[in-house]
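Structure, as structure tokens:
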Amino acid sequence: MSEKKLSGDVYHPTEEVINNANAKCDELYNFAERDYEGFWAKEAEELHWFQKWDKVLDDSNKPFFKWFTEGKTNICYNCLDVHLDSARRNKLALIWEGEDGEFKSFSYFALHRDVNKFANVLKSLGVRKGDRVTIYMGRIPELAIAMLACARIGAVHSVVYGGFSVEALHERIDDSESKVLITCDGAYQRGKIIELKQISDEALQRAATVSSVVVVKRTGHEINMEPGRDMWYHDLMALPIASNEENVEMMDAEDPLFLLYTSGTTGKPKAILHVHGGYMVGTYTTLKYVFDIHEDDRFWCAADPGWITGHSYIVYGPLLNGVTSFMYEGAPTFPYPSRWWQMIEKYGINILYTAPTAIRGLMRFGEAWPNRHDLSSLRLLGTVGEPINPEAWKWYYKVIGNEKCPIMDTWWQTETGMFMITPMPCTPLKPGSGTLPFPGLQMDILDEEGNPVKPGEEGFLVIKNSWPAMLRTIWNDPDRYVEQYWSKYDGMYLTGDSAKRDEDGYYWIIGRVDDVIKVSGYRLGSAEIESALVSHPAVAEAAAIALPHEVKGNAIHAFVILRDGYKRTDTFVEELRKHVGHEMGPIAKPEHIEIVDSLPKTRSGKIMRRVLKAKALGVDPGNISTLAD
Ligand code: WT7
């Protein structure tokens, strides 16, 4: 790092952190700047390839970039098999604690065995290379096993977050045309059971493509099993079809690895496509350097595997690095607000990676809860999902990290697959800033006309070069891929976020500039929430906006117009909230629903959500010349 004096509130890493770090910072930044492809090639060489690539980056058909062309590999092989010939064979790959206190762990040997067996089960169910498999489960080890088993045989997994519900699941099964659904009977959350199998049954009544359902027994309560369609995981794993016969499929670097649905500006969620080669290299490298992965680390990413954070940094990143990944099933405050701190002490967690909303939620209970536990095993902390307010940052730094653990505030997206703006262990930190782009990445902040903005000014955050773990397209909709990400500015990827840069070049994310809402770090679309509202027979029209919320960051506020003949009753709003919960999932339930007679619209009939927002916040709505009324 340069010796230049930085402005503002700066936290310098300790000598110990800098000296122990994998990343010799200056070297990495310089190397990547000097020889971007060489930098990534060097990282890729640390992984296993059945056949080496001939070109690191092929940008002959922009924006459809290709990485490691003609390279043959398999990400699951790199997560498991490569570790079996060393001492890592008997090391723990995964430690899991259930909300009810149940405990499981898998050595690399055991995880490989189960993944390989389950991959053979999937094959016997007719799953072939390129087929899609939907996975809809709670946070249990079998979720990781299912993902890895798909990757192993070249099937494309599509994980649907367990907090989503009937319609959200149905839409994602339909769009991906999945053949198989892997789910569980239920999941524990705050001591209650989420009825995942029941929700699956309802979703499957609306979907036609699924022929087999594999059900993992977690809660053990009574559920419906449809003969001929539904099978228990443990039964299948005990059959001869769950053999130990090796089944790794040799994959082209550009072959699909997974689809992950995420919310965009309009309409239904889009399936982001990631591939075996580049995604593997990107997640491996970023985790290694940013969280400074050492051989004996126990890494805890407290996200859900149903979102990109869990894909990249609970499952793939840690296993590619051969470390121990920790997974916890339940709520952070169940049964007491000390649950997380207790587990950090119990398992000796070295790195904790979570979201601002969780930190704010835990902070509310005060310091006494963490102070009761020995958190000295922690070496690094991380945050992701939304901007972190300096107050929460400082609490995390002081109370959890004991002022010795740097906080990696990582900005990235489902689409980017890997960290994009992030500190390294050596980076001086400023609370609330993700600091600088990862080595070699060219990012900028532009005004409407495409000119870089001055320090301190707000603009559109863009990425100017390609990176290995980038999305390759939107599944079944390459036009939308080009239109959504590559059309505002020529040759640049539009992130959808607004940001500022300070005089030191540090990036400060402000938030989404489209109709994407981040609630507790979860990404939802205004349009999806509105369509869930409108699917209720009493609702004629609806608008959903985000308003600031102390713990969740944002909360959803909805405005609805009732159909003729429907009257507002005391229980109606609650019924409507329940309806959204049933269709989309509890996270999409509006905090507040207001029944209105009209909504502000443009003359062409588009709802002007920004006018609603300005009104709710009591601020100037800006230019309203297009308003119809
Ligand atoms: C959006 C992407 C990929 C991790 C989870 C979110 C916001 C993400 C940060 C951060 C400020 C952040 C952005 C981004 N975001 N990380 N460190 N600071 N904002 O993935 O669900 O695809 O959401 O999350 O608005 O565009 P996602």
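The values are calculated or read from the model by the stated rules, or taken from the named source; none is laboratory data. All figures in this text were calculated on a predicted structure; none of them were measured in a lab. Every residue, glycine as well, gets a Cβ built from its backbone with ideal geometry; the counts of neighbours run over all protein chains shown. Heads up: the accessible areas ignore ligands, DNA and RNA and are worked out on the full protein's heavy atoms, side chains in. Shrake-Rupley method; radii C 1.70, N 1.55, O 1.52, S 1.80 Å.
Amide H contacts for V539 (H built 1.01 Å from N in the peptide plane; partners 5 or more residues away or on another chain; cut-off under 5 Å): R563. Estimated from helical segments only, the mean residue ellipticity of the chain at 222 nm is -7500 deg cm²/dmol, where each DSSP H run of four or more residues counts as -39500 (n - 2.57).
Return one whole number: the accessible area per residue of the chain in Å², for a 1.4 Å probe. Let's see the in-between values first.
Values: 24380 Å² over 629 residues.
Ligands and nucleic acids excluded, the figure is 39 Å² per residue.
Test of the criteria: in region 511-571, which trypsin sites (Lys or Arg not before Pro) are in a DSSP loop and have at most 15 other Cβ atoms within 10 angstrom of their Cβ?
Details: sites: R512, K518, R523, K552, R563, K567, R568; in loops: K552, R563, K567, R568.
Passing sites in region 511-571 are R563, K567, R568.
An oblate overall shape is assigned to region 1-160, the ratio a/c of its alpha-carbon gyration tensor axes (a ≥ b ≥ c) being 1.5 or greater and a/b not exceeding b/c. Summarised in one figure, the compactness ratio Rg/Rh of region 200-279, Cα atoms and Kirkwood Rh, is 1.05. Straightening the chain between N22 and H48 buys 7.3 nm, computed as 0.36 nm per residue apart minus the Cα-Cα spacing. Positive contributions from Lys and Arg (+1) and negative ones from Asp and Glu (-1), summed over other residues with Cβ under 9 Å from the Cβ of R132, come out at -1.
Shown here for region 542-629: GluC sites (Glu not before Pro) in loop regions (DSSP other than H, G, I, E, B) with at most 14 other Cβ atoms within 10 Å, namely E550. Converting the Cα gyration tensor eigenvalues of region 472-629 into ellipsoid dimensions via √(5λ) gives semi-axes, longest first, of 30, 19, 18 Å. Simple rule: put +1 on each Lys or Arg Cβ and -1 on each Asp or Glu Cβ in the chain, find the dipole, and look at I400, T414, Q442; the Cα lying farthest toward the positive end is I400. Compared with the rule-of-thumb size 2.2 N^0.38 Å for a compact globular protein, the chain has a Cα radius of gyration ratio of 0.94.
For the chain, give the percent of accessible area contributed by carbon and sulfur heavy atoms, probe 1.4 Å, rounded to a whole number. Please list the in-between numbers first.
Working: 11900 of 24380 Å².
Using a 1.4 Å probe with all protein chains present, the chain comes out at 49 percent carbon and sulfur.
Sorted into 10 angstrom bins from 0, the C-alpha pair distances of region 301-421 split as 13, 48, 34, 5 percent.
Nearest 5 is fine: what % of DSSP beta bridges in the chain come out antiparallel, could you say?
Once the DSSP bridges in the chain are tallied, antiparallel ones form about 60 percent.
For region 231-270 and region 94-150, compute the distance between their C-alpha centroids and round to whole Å. Result: 9 Å between the Cα centres. Counting only protein chain heavy atoms and rolling a 1.4 Å probe, the accessible areas of D447, D9 rank, largest first, as D9, D447.
In terms of distances greater than 27 angstrom between alpha carbons, the cross-link table entries K268/K552; K197/K578; K104/K589; K500/K589; K488/K578 yield K104/K589; K500/K589; K488/K578. Think of region 159-249 as a dipole: +1 on every Lys or Arg Cβ, -1 on every Asp or Glu Cβ, centred on the Cα centre; then among Y161, A187, S176, A187 lies furthest on the positive end. Charging the Cβ of each Asp and Glu at -1 and of each Lys and Arg at +1, and nothing else, the dipole of region 199-298 about its Cα centre rounds to 540 debye. Dipole of the chain computed with +1 at Lys/Arg Cβ and -1 at Asp/Glu Cβ about the Cα centre; of P621, C76, M237, farthest Cα towards the positive end is M237.
Database remark: amide H of I474 closer than 5 angstrom to the amide H of Y481 (H placed geometrically; neighbours at sequence offset of 5 or more, or on other chains; Pro and chain starts carry no H).
So if a site counts as exposed when it's one of the chymotrypsin sites (Phe, Trp or Tyr not before Pro), its DSSP state isn't H, G, I, E or B, and it has at most 16 other Cβ atoms within 10 Å, what's the longest stretch of the chain without one?
Values: sites that count: F50, F64, F365, Y489, Y566.
Free of exposed loop sites, the longest segment is 65-364.
E458 sits with roughly 110 Å² accessible to a 1.4 Å probe, with DNA, RNA and ligands left out of the calculation.
The accessible-area ordering, largest first, of the residues K606, K4 stands as K606, K4, per a 1.4 angstrom probe.
Label reach from K613 (point 7 Å along Cα→C-beta): in region 533-558, amide nitrogens under 13 Å belong to 544-549, 554-557.
Can you tell me the equivalent ellipsoid semi-axes for region 1-87? Use √(5λ) from the Cα gyration tensor, largest first, whole Å. Don't jump to the answer; show the numbers that get you there.
Values: eigenvalues 214, 94, 23 Å².
Those come to 33, 22, 11 Å.
The Cys residues in the chain with no partner Cys Cβ within less than 4.7 Å of their Cβ are C76, C79, C150, C184, C301, C405.
Calculate the FRET efficiency for D570 and K5 from the Cβ-Cβ distance with a Förster distance of 45 Å, rounded to the nearest 0.05. Don't skip to the answer; put the middle values down first.
Details: r = 61 Å, r/R0 = 1.36.
The formula returns an efficiency of 0.15 here.
Note on Y489 and N90: with the Förster distance fixed at 60 Å, the Cβ-Cβ geometry gives a FRET efficiency of about 0.70.
Taking the Cα centre of the chain as origin and charging only Cβ (+1 Lys, Arg; -1 Asp, Glu), how large is the dipole, in debye to the nearest 20?
Here the chain has a charge dipole of around 700 debye.
So what is the relative contact order of the chain, in percent, for Cα pairs below 8 Å that sit 6 or more residues apart? Before the final figure, lay out each step's value.
On the way: 1373 pairs, mean separation 83.6, N = 629.
Relative contact order comes out at 13 percent.
Working from label points 7 Å from Cα in the Cα-to-Cβ sense, the E226 to A238 distance is 2.5 nm.
The stretch between S535 and H592 holds 18.7 nm of extra length on full extension. This uses 0.36 nm per residue minus the Cα-Cα distance. Of the whole protein surface, M250 contributes about 100 Å² of accessible area at a 1.4 Å probe radius.
Can you tell me the relative contact order of region 29-184? Whole percent, Cα pairs under 8 Å, sequence separation 6 or more.
Details: 208 pairs, mean separation 26.5, N = 156.
For region 29-184, the relative contact order is 17 percent.
Think of each Lys and Arg Cβ as +1 and each Asp and Glu Cβ as -1; about the Cα centre, that makes the dipole of region 134-232 roughly 420 debye.
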